[in-house]
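For reference, the structure discussed in these notes is given below.
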Amino acid sequence: METPKIFESEYRFCLILWEHEPINSTKLVELCKVQLGWSKATTYTVIRRLGERGVLKNENAIVTSLVSKEQAEEAQMEELVEKTFQGSLPAFIAAFSRSKKLTRQEVDQLRALIDSYGEG
């Protein structure tokens, strides 16, 4: 099953949800007002839209995610690599390493990750 698309403002909402779930929708509205500056109507609209897309469920005023943070991050990275680098992970890593100096530890971690894929 493909992970539903989560847009930037929705992702910020989901960060709150993932941290506090399961959570009462009224409490979620309060958190979104404080942390995002959203109105009650905006929060309920986002809950409805994400529910329709299968990102979360809202049953008996209790909101829980159906998509984990890890699944959302993976889908965002796959979209970025596909859209920007024509699906080439090496091109993505090359571009990333040109813009950010990698530490020796980061290089070693990447090498270990690549080596582990070669073994599998």
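The values are calculated or read from the model by the stated rules, or taken from the named source; none is laboratory data. Keep in mind that this is a model prediction, so the values were computed, not measured. Neighbour counts are summed over all protein chains in view; Cβ atoms, including those assigned to glycine, are modelled from backbone coordinates with ideal geometry.
Figures for the structure shown
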read-out: Glu30 loosely packed, with under 11 Cβ neighbours inside 10 Å and of a type outside the set (Phe, Trp, Tyr); value: no
read-out: Matching residues in region 82-118 - criterion: being under 26 Å from Arg49 (Cα atoms) and either surrounded by 12 or more Cβ atoms within 10 Å (Cβ to Cβ) or touching a residue at least 24 places away in the same chain (Cβ under 8 Å) (or both); value: Glu82
read-out: Residues being in contact with a strand residue (DSSP E or B) (Cβ under 6 Å, 6 or more places away or on another chain) and among the small types (Gly, Ala, Ser) - total across region 1-57; value: 2
read-out: Among the residues listed as Ile47, Ile62, the single one being without any contact (Cβ under 8 Å) to a residue 24 or more places away in the chain, more than 28 Å from Leu89 (Cα to Cα) and either crowded, with 16+ Cβ neighbours inside 10 Å or not assigned by TED's automatic domain parsing to the domain that holds Phe92 (or both); value: Ile47
read-out: Test for Glu70: is it farther than 25 Å from Phe92 by Cβ and not β-branched (Val, Ile, Thr); value: no
read-out: Residue within region 2-22 that is surrounded by fewer than 15 Cβ atoms within 10 Å (Cβ to Cβ), in a loop (DSSP other than H, G, I, E, B) and among the hydroxyl-bearing types (Ser, Thr, Tyr) present; value: no
read-out: Leading residue by the ranking (nearest to the chain's Cα centre (by Cα)) among those in region 13-27 that are under 12 Å from Asn58 (Cα atoms) and of a type in the set (A, V, I, L, M); value: Leu17
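Each row is one residue, and each column tells you yes or no for (1) modelled with pLDDT under 95; (2) among the aliphatic types (A, V, I, L, M); (3) not in a helix (DSSP H, G or I).
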{"residue": "Leu50", "(1), (2), (3)": "no, yes, no"}
{"residue": "Lys57", "(1), (2), (3)": "no, no, yes"}
{"residue": "Val67", "(1), (2), (3)": "no, yes, yes"}
{"residue": "Glu74", "(1), (2), (3)": "yes, no, no"}
{"residue": "Met77", "(1), (2), (3)": "yes, yes, no"}
{"residue": "Leu80", "(1), (2), (3)": "yes, yes, no"}
{"residue": "Thr84", "(1), (2), (3)": "yes, no, no"}
{"residue": "Asp108", "(1), (2), (3)": "yes, no, no"}
{"residue": "Leu113", "(1), (2), (3)": "yes, yes, no"}
